[in-house]
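Working notes, beginning with the structure itself.
The values are calculated or read from the model by the stated rules, or taken from the named source; none is laboratory data. These figures come from a predicted structure and were not determined experimentally. Cβ sites come from the backbone with ideal geometry, for glycine too, and all protein chains shown count toward neighbours. For accessibility, only protein heavy atoms count, side chains too; no ligands or nucleic acids. Shrake-Rupley method; radii C 1.70, N 1.55, O 1.52, S 1.80 Å.
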Amino acid sequence: MPINHPNLHLTQLAGAIPAWSGNIKPDDLQPICRNVHDGGGRLVALWGSDDREQGNGYSLHIALVNEAGLICLSVPLPAGQPGYPDVSSIFPVANRMQRATYDLLGIYAHEGQDHRKWLRHGAWHGGSFPLRKDFDAAQSLTDDADNYPFVQVEGQGVHEIAVGPVHAGTIEPGHFRFSVVGEKMLRLEERFGYTHKGIEKRFESMSLQQGAKLAGRVSGDSTVAYAWAYAMAAESIAAVTPPERALWLRALFLERERIANHLGDLGYLGNDVALSFGFTQFWILKEQVLRNNGALFGHRYLMDSIIPGGVAADLTEPGKRTLFEECSLLEREVRVLRGIYEEHAGLQDRFIGAGRIEPRLAAQLGLCGLAGRASSQAWDTRVQFPCAPYDQLDVQMATYRNGDVAARVIVRFDELFESLRLQREILGRLMPGGELSLPLEKLPALGFGAGMVEGWRGEVLVAIHTDTDGNLARVHPHDPSWQNWPALEHAILGNIVPDFPLINKSFNLSYSGQDL
Amino acid sequence: MYQLIKQIIKTGIKTDAAPLPDEALRVTTQRLHEEILHVFGSALNIRHVDAGSCNGCELEIHSLSNAYYNIEGLGIKFVASPRHADMLLVTGPVSRHMVTALRRTFDATPEPKLVVAIGECACNGGIFCSNDGSPDGGGESYASCGRVANVIPVDVVVGGCPPTPTAILQGILTAVSAQKQ
């Protein structure tokens with residue numbers, strides 16, 4: 001068993017990764033979380049569901065991860081007073097997730113320190129909850145202004161800079177409130193939820209197949225990771241394994257997504273320190289990857305290439321040769337560019353020491369994914385819980401301990417070369433022929449499944465609950481940005497305002513993925 | 001420095017030819033005089049607004065700046081403020097939380113101005129909205145106002161999920177071209 005606790009009875013879920021689920025009482029929530037925390041485990045996701053149609057109240061669900069695997073716990077709550085013990089005192093990262101769960105479903109944490117709204121601005125009024133099954137949109141709409149109570153910093157010479165939601169660059173909307181003295185940042189407070197477009201509610205009216213398309217659009221830059229996690233959750237409920245060829249192709253798509261995004265970020269990080277040469281060069285390479293995707297798989301970002309039961313795109317033998325050539329080109333060019341970046345004094349001067357998160361703080365905050373690995377947090381789903389075909393690929397995890405912009409650049413370079421190696425390996429093992437998918441029309445009734453995939457940014461989790469007819473009752477997509485956005489508020493401390501765009505870019509977190 | 005210059009020379013020029021305007025993308029008649037279009041056509045400033053997209057369309061807008069599409073080579077520039085802009089490029093279904101920001105950005109853009117809606121969601125609400133109820137597929141939900149035209153006037157729409165950089169460029173060039181009869 002992944003956790004030992006007298007009141008905990010876990011059932012292992014079928015599927016690609018080691019995962020368990022079980023019900024617990026509210027009183028056992030904190031001791032179990034403490035147990036996982038003290039054993040070096042982390043909180044991955046927290047969400048809620050309205051189970052009143054099944055004759056119950058509401059449920060709180062949390063996904064924890066430790067060295068054994070993924071542990072999904074459900075805490076049934078009474079319909080009258082759906083409160084649960086606060087988890088954020090053990091896992092600080094739970095803070096925003098608990099607040100968002102209240103905004104959307106009306107279940108709340110007792111004793112929590114922070115009860116401000118999170119995803120709700122003014123689009124629906126405070127007493128109504130969109131994810132309740134009896135939510136009436138027409139009765140709930142308001143045009144209230146947001147009026148979010150930011151924390152004020154007082155003192156001589158302190159002033160605020162308010163940025164967003166519409167930013168200066170071509171990026172997603174969000175609000176940053178800086179408190180500064182001169183150029184030095186004393187505090188940053190983030191305000192998100194601007195791109196909240198009701199994704200979780202939308203899933204509930206969709207078929208399994210439509211849901212796969214929506215999952216691929218939770219965060220457009222991670223479409224492969226989301227589509228795979230969604231398919232993995234569905235396949236776990238149905239207890240089916242896709243054909244081998246489909247699994248190899250999925251890994252190929254996921255590594256190509258990582259390659260494209262890392263190339264893009266490395267280019268922008270050069271651009272943000274005024275080396276536009278870096279942008280030009282890396283984006284030529286990224287464009288070549290995207291064009292190959294378009295020509296070989298029919299979509300530049302591989303959207304809708306992964307479906308429940310398998311994949312919807314195939315690779316021909318000539319296509320394979322194109323990708324081998326692409327590998328050689330990228331390996332050669334990126335090596336030259338890495339040398340130029342490493343020897344460029346002006347660039348290194350801006351990278352080194354900027355936006356540092358020490359490993360200790362990273363562990364406390366539960367930093368994950370690429371940014372976590374740059375601060376010694378050695379978590380990579382492909383390495384720890386290698387689902388097929390990663391179990392045959394022996395992925396080398398890239399970690400670094402400095403936790404600054406330079407470290408996040410180094411991790412990107414290392415992962416880029418590793419992904420190119422993996423792509424070669426996958427292409428070499430992908431034999432011609434074989435089925436691409438198995439039929440998966442409908443899921444069993446009252447099922448639960450979870451899928452977790454290491455996207456380029458970090459671990460993406462999708463949880464699916466089905467109703468008595470096997471339809472989607474509740475789907476929760478979780479982005480690693482939930483974990484890493486709060487860390488950015490720490491990373492900028494003591495840095496100067498002009499370094500914020502660089503530090504922010506070095507994390508490159510998703511707004512849409514956490515706004516839902 | 002030697003390596004850097006060597007790399008630039010070795011890379012050469014990658015830019016593709018720009019696409020021609022496409023009248024099919026235009027949703028309202030051209031409002032601007034030809035003299036203004038002539039100026040816009042050779043020096044156009046664009047402010048991008050993400051009104052609730054998944055970030056997919058943003059990826060392709062970024063691609064416009066790469067060496068293949070080389071949008072700055074056509075005299076088109078992305079600017080940091082709507083007050084400097086001639087055109088708004090709007091993506092996403094308009095989330096209810098972005099309505100005020102989008103309207104204010106539109107109001108802050110000086111006349112004469114153009115609006116190009118980028119991507120399926122900006123055209124009809126896309127996958128995030130149920131299009132069954134409304135007569136013309138405006139696509140609204142509790143969290144989303146649907147297509148951009150529901151909130152601010154739109155001149156040209158470019159569908160696709162996400163549209164290719166060439167399609168986006170074509171939409172922009174259509175908006176600043178004189179309408180063909």
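Annotations
- Mean ellipticity per residue at 222 nm, deg cm²/dmol - from DSSP H runs of n ≥ 4 across chain B, formula -39500 (n - 2.57): -8000 deg cm²/dmol
- Over 22 Å between alpha carbons, listed pairs A:Lys213/A:Lys442; A:Lys213/B:Lys77; A:Lys505/B:Lys10; A:Lys197/A:Lys286; A:Lys117/A:Lys197: A:Lys213/B:Lys77; A:Lys505/B:Lys10; A:Lys197/A:Lys286
- Residue mean of other protein chain beta carbons inside 10 Å, A:163-175: 6
- Rounded to the nearest 20, the size of the Cβ-charge dipole of region A:199-510 about its Cα centre is 240 debye, with Lys and Arg at +1 and Asp and Glu at -1.
- 1.4 Å probe accessible area per residue over region B:24-91, in Å²: 39 Å²
- Region A:62-161, relative contact order in percent, only Cα pairs under 8 angstrom and at least six apart counted: 18 percent
- Rotationally averaged projected area of region A:200-252 (alpha carbon convex hull; nm²): 3.9 nm²
- One Cα centroid belongs to region A:427-445, the other to region B:27-97; the line between them spans 41 Å.
- Residue-averaged [θ]222 nm for chain A, counting only DSSP H segments that reach four residues, each worth -39500 (n - 2.57): -12500 deg cm²/dmol
- Under 12 Å from the A:Asn7 label point (7 Å along Cα→beta-carbon), backbone N, region A:81-109: A:85
- Under Karplus coefficients 6.51, -1.76 and 1.60, residue-wise ³J(HN,Hα) of region A:466-471 in Hz, glycine/proline x: 9, 8, 5, 9, x, 7
- Region A:325-398 and region A:156-192: distance between their alpha carbon centers, rounded to Å: 27 Å
- Amide H to amide H, with H built 1.01 Å from N, B:Ser144 comes under 5 Å of B:Arg96, counting only residues 5 or more places away or on other chains.
- Ratio Rg/Rh [Cα only; Rh per Kirkwood] for the protein assembly as shown: 0.95
- Accessible area per residue for chain A, computed on protein heavy atoms with a 1.4 Å probe, is 34 Å².
- Alpha carbon centroid spacing (whole Å) that separates region A:24-42 from region A:68-147: 20 Å
- Residues of region A:248-289 that bury at least 20 Å² of accessible area once all protein chains are present, compared with their chain alone (1.4 Å probe, heavy atoms only, ligands and nucleic acids left out), are A:Tyr268, A:Phe277, A:Phe279, A:Gln281, A:Trp283, A:Ile284, A:Glu287, A:Gln288.
- Peptides ranked, highest mean first, by Cβ atoms within 10 Å: ranges A:349-358, A:503-512, B:162-171: A:503-512, B:162-171, A:349-358
- Projecting label points 7 angstrom from Cα along Cα→Cβ for A:Arg424 and A:Thr241 puts them 2.9 nm apart.
- What you get for region A:171-318, charging only the Cβ of Lys and Arg (+1) and of Asp and Glu (-1), is a dipole of about 320 debye around the Cα centre.
- Carbon plus sulfur fraction of accessible area for the protein assembly as shown, probe 1.4 Å, in percent: 51 percent
- Accessible area buried, both sides summed, chains A and B with 1.4 Å probe, Å²: 4300 Å²
- A:Ser437 accessible area, assembled protein chains, probe 1.4 Å, Å²: 40 Å²
- The simple spin-label model puts a point 7 Å past each Cα toward its Cβ; for A:Leu361 and A:Lys184 those points are separated by 1.5 nm.
- With contacts taken as Cα pairs under 8 Å and at least 6 residues apart, region A:121-263 reaches a relative contact order of 13 percent.
- Long-range amide H partners of B:His48 with built H, under 5 Å: B:Val79, B:Leu89
- B:Leu20-A:Glu317 pseudo-label distance in nm [points 7 Å out on the Cα-to-Cβ vector]: 4.1 nm
- Placing unit charges on each Cβ (+1 for Lys and Arg, -1 for Asp and Glu) gives chain A a dipole about its Cα centre, and among A:Gly434, A:Gly127, A:Pro308 the Cα reaching farthest toward its positive end belongs to A:Gly434.
- Förster radius 60 Å - calculated FRET efficiency between B:Ile8 and A:Asp136, Cβ distance, rounded to 0.05: 0.50
- Lys, Arg +1 and Asp, Glu -1 on Cβ, resulting dipole of the protein assembly as shown about Cα centre, debye, nearest 20: 780 debye
- List of region A:95-137 residues, accessible area with partners at least 10 Å² below that of the chain alone (1.4 Å probe): A:His121, A:Ala123, A:Trp124, A:Pro130, A:Phe135, A:Ala137
- For region A:199-510, relative contact order (Cα pairs under 8 Å, six or more residues apart, normalised by length) works out to 28 percent.
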